[in-house]
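The values are calculated or read from the model by the stated rules, or taken from the named source; none is laboratory data. The structure presented is a predicted model; accordingly, all values stated were derived computationally and were not measured. Glycine gets a Cβ as well: all are built from the backbone with ideal geometry, and neighbour counts include every protein chain shown.
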Amino acid sequence: MQYFTSFWWACLCLWAVACQPKSTSENKAQTDEANTKPTQTIKDSSQSKTDDAPKPMSKVEGYYTGVFEPTNFDSENDVYHANKITISIDSLDKTQQWLYGHSIVAGNKRPFKGTYQLTDSGYVAKVKEPGDNRYDGQFRFTIKPDQQSLSGTWEAFRKDFSATATRYVLKRKTFKYEPSLGLPPGVEWAALYNHALMMGHTRKGERLSGDVVKLNASAKALKKEEVANLYRGDLEVIRNAIYARHGYSFKNRKMRFVFDHIDWYMPISIDVRNELTDLEKKNIDLLKRYENHAARYYDVFGR
Amino acid sequence: MRQLTLILRNPVFWVLGLYLFFCYLMLQITLQYIPYDTDVAFLRIKQDYTGYAHYRIAFFVHVYTSMLVLLAGFTQFSARLRKKWPTAHKNLGRLYIVVVLVFSAPSGLVLGVYANGGWSAQVAFCLLALMWFYFTLRAMQAIRQQNYTAHQRWMWRSFALALSAITLRLWKYGLVWAFQPRPMDVYRWVAWLGWTLNLIAIELYIIYRKQS
């Protein structure tokens with residue numbers, strides 16, 4: 001009997017740990033699934049065609065992608081991160097010297113317009129976002145067509161959030177959906193992702209492992225057996241890599257930590273649902289089943 | 001106050017309390033499948049098999065009936081209750097035997113054939129179901145022959161395997177807590193750990209009882 005009771009005591013201790021509340025689970029709900037809920041709609045009708053690919057003949061129009069780096073930053077309260085941004089120059093009105101475009105960063109797509117001047121150093125522009133979004137602001141940049149670059153600064157209209165000023169040096173890039181693109185080896189050590197993990201932004205079992213680079217869910221149909229033994233963190237990144245290949249800009253910060261550092265990744269859209277191939281949709285369904293299962297059951301009493 | 005201390009000192013109180021707590025957790029797991037739905041909880045990752053009628057029948061029979069085994073079985077081992085209410089012991093025993101032999105063990109065998117985790121886990125769960133059936137059957141035969149000692153031993157073994165429903169999940173919880181292994185690796189481990197150690201423990205206890 002002595003032996004028996006001590007066994008149950010051990011079980012009770014295990015359970016005390018089991019019953020601790022999971023504070024981070026709510027976090028998850030708000031950061032995940034960004035792709036299914038586009039929160040922005042562009043109201044300005046003159047900008048409604050911004051989704052069209054820019055004309056390839058132009059010297060200036062096109063996508064410029066790179067790092068949007070905060071220059072003032074509340075380092076006490078936030079994890080440092082520089083998001084990847086795409087600035088799209090959609091059209092120039094040469095008679096009025098107006099410039100139209102939009103920016104895409106962190107799942108936020110905003111139109112802008114303003115004036116420009118052609119100088120010796122390039123096209124010097126000062127453009128504004130509409131101002132009806134909390135994170136709207138003003139860009140000042142110079143486009144150098146011969147160097148295929150766009151560089152400058154941005155300043156938010158409002159100052160009530162972290163990182164209200166940034167700088168950037170962006171490279172001109174064309175976007176092409178390429179299903180064979182994989183994650184680079186070593187992505188599992190994405191420094192900021194692990195940092196976020198330590199800060200409690202992620203749950204146990206969400207760590208990335210070397211498996212994350214092994215499966216490409218855009219290129220081949222995944223089998224149950226291939227995904228059943230993967231950690232939730234890996235499954236999530238394998239699934240989100242599908243969206244990344246289509247140029248999806250992640251609201252989910254954890255995903256930005258991973259994909260922003262990948263060379264081929266350029267955020268160009270905030271809703272890629274219509275772009276997904278049938279193969280990808282199937283794989284997404286399979287991956288989500290195992291992700292949800294892991295999220296719900298991996299570390300609880302059950303199966 | 002003295003009364004309360006006595007209760008708290010009694011290991012039976014703690015074992016019973018703990019057992020009821022785990023029964024409650026098992027009930028929670030069972031309730032996930034009410035109302036009937038073939039695309040919830042565990043079945044979300046068994047979609048390859050939920051199309052088979054025999055799999056569905058086995059799964060829901062197992063889920064809906066197995067709670068009864070845990071509830072009917074536990075009080076049967078108290079000598080005092082047996083003496084006080086012999087009819088209750090008989091009736092609960094009949095319930096236990098019928099549920100195991102007709103519902104829980106056969107359905108468990110079907111589920112074992114389709115178990116997650118590959119051949120190792122499949123073998124483990126099938127063996128569990130077969131042994132559970134066998135032990136329960138022997139216990140039934142023994143009581144029909146009025147062989148009380150044999151009946152008690154076979155029932156101990158049978159119930160040790162029935163408890164694997166709880167110990168398997170506890171092992172899973174403990175392993176994930178301590179080592180965070182891959183999901184299917186955990187599953188392969190607990191498929192064996194869940195019942196083999198119970199069986200070893202009860203065999204040791206039987207040997208110990210024989211000697212003393």
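Annotations
So that you can scan it fast, the table gives a plain yes or no per residue for (1) hydrophobic (A, V, I, L, M, F, W, C); (2) at pLDDT 95 or above:
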{"residue": "B:R82", "(1), (2)": "no, no"}
{"residue": "B:L101", "(1), (2)": "yes, yes"}
{"residue": "B:A105", "(1), (2)": "yes, yes"}
{"residue": "B:A124", "(1), (2)": "yes, yes"}
{"residue": "B:T136", "(1), (2)": "no, yes"}
{"residue": "B:I143", "(1), (2)": "yes, yes"}
{"residue": "B:A160", "(1), (2)": "yes, yes"}
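- Residues of the stretch A:135-156 satisfying the condition of being over 22 Å from A:K173 (Cα atoms) and either out of contact with any Asp or Glu (no Cβ under 8 Å at 6 or more places or on another chain) or part of a strand (DSSP E or B) (or both): A:Y135, A:G137, A:Q138, A:E155, A:A156
- Taking the stretch B:111-135 as the range and being surrounded by fewer than 19 Cβ atoms within 10 Å (Cβ to Cβ) and assigned to a helix (DSSP H, G or I) as the test, the residues that pass are B:V113, B:G118, B:W119, B:S120, B:Q122, B:V123, B:C126, B:L127, B:L130, B:M131, B:Y134.
- Residue in the stretch A:278-289 that is at pLDDT 90 or above, over 16 Å from A:A219 (Cα atoms) and in the same structural domain as A:P184 (by TED's automatic domain parsing) present: yes
- Hey, A:N240 buried (at least 19 other Cβ atoms within 10 Å of the Cβ), of a type in the set (S, T, N, Q), under 25 Å from A:H293 (Cα atoms) and within 14 Å of chain B (Cβ to nearest Cβ) or not: no
- Just one residue in the set B:Y173, B:Y208 is within 14 Å of another protein chain (Cβ to nearest Cβ) and surrounded by 17 or more Cβ atoms within 10 Å (Cβ to Cβ); that residue is B:Y173.
- Enumeration of residues in the stretch B:136-159 that are in contact (Cβ under 8 Å) with a residue 24 or more places away in the chain and surrounded by fewer than 23 Cβ atoms within 10 Å (Cβ to Cβ): B:L137, B:M140, B:I143, B:R153, B:W156, B:R157
- With respect to being over 24 Å from A:F301 (Cα atoms) and surrounded by 12 or more Cβ atoms within 10 Å (Cβ to Cβ), B:Q76 fits the description.
- Any chance B:I166 is over 22 Å from B:T75 (Cβ atoms) and within 14 Å of chain A (Cβ to nearest Cβ): no
- Subset tally (residues that are within 13 Å of another protein chain (Cβ to nearest Cβ), exposed (fewer than 12 other Cβ atoms within 10 Å of the Cβ) and at pLDDT 90 or above) for the stretch B:40-59: 0
- Hey, A:Y177 modelled with pLDDT of 95 or more, closer than 18 Å to A:P267 by Cα, outside any loop (DSSP other than H, G, I, E, B) and of a type outside the set (D, E, K, R) or not: no
- Across the stretch A:262-277, the qualifying residues are those that are surrounded by fewer than 17 Cβ atoms within 10 Å (Cβ to Cβ) and in a loop (DSSP other than H, G, I, E, B), and the one among them that is modelled with the lowest pLDDT is A:D263.
- The numbered conditions (1) modelled with pLDDT under 95; (2) surrounded by 17 or more Cβ atoms within 10 Å (Cβ to Cβ); (3) away from chain A (no Cβ under 13 Å) are all true for B:P35 except (2).
- Number of residues in the stretch B:69-105 that are touching a helix residue (DSSP H, G or I) at 6+ places or on another chain (Cβ under 7 Å) and either of a type outside the set (G, A, S) or outside any helix (DSSP H, G or I) (or both) equals 17.
- Residue list for the stretch A:243-252, filter: under 10 Å from the mean Cα position of the chain (by Cα) and crowded, with 21+ Cβ neighbours inside 10 Å: A:Y243, A:A244, A:G247, A:Y248, A:S249, A:F250, A:N252
- Counting only residues that are surrounded by fewer than 17 Cβ atoms within 10 Å (Cβ to Cβ) and in contact (Cβ under 8 Å) with a residue 40 or more places away in the chain, the stretch A:220-237 holds 3 of them.
- Count of residues meeting criterion [within 15 Å of B:S78 (Cβ to Cβ) and part of a helix (DSSP H, G or I)] in the stretch B:3-13: 3
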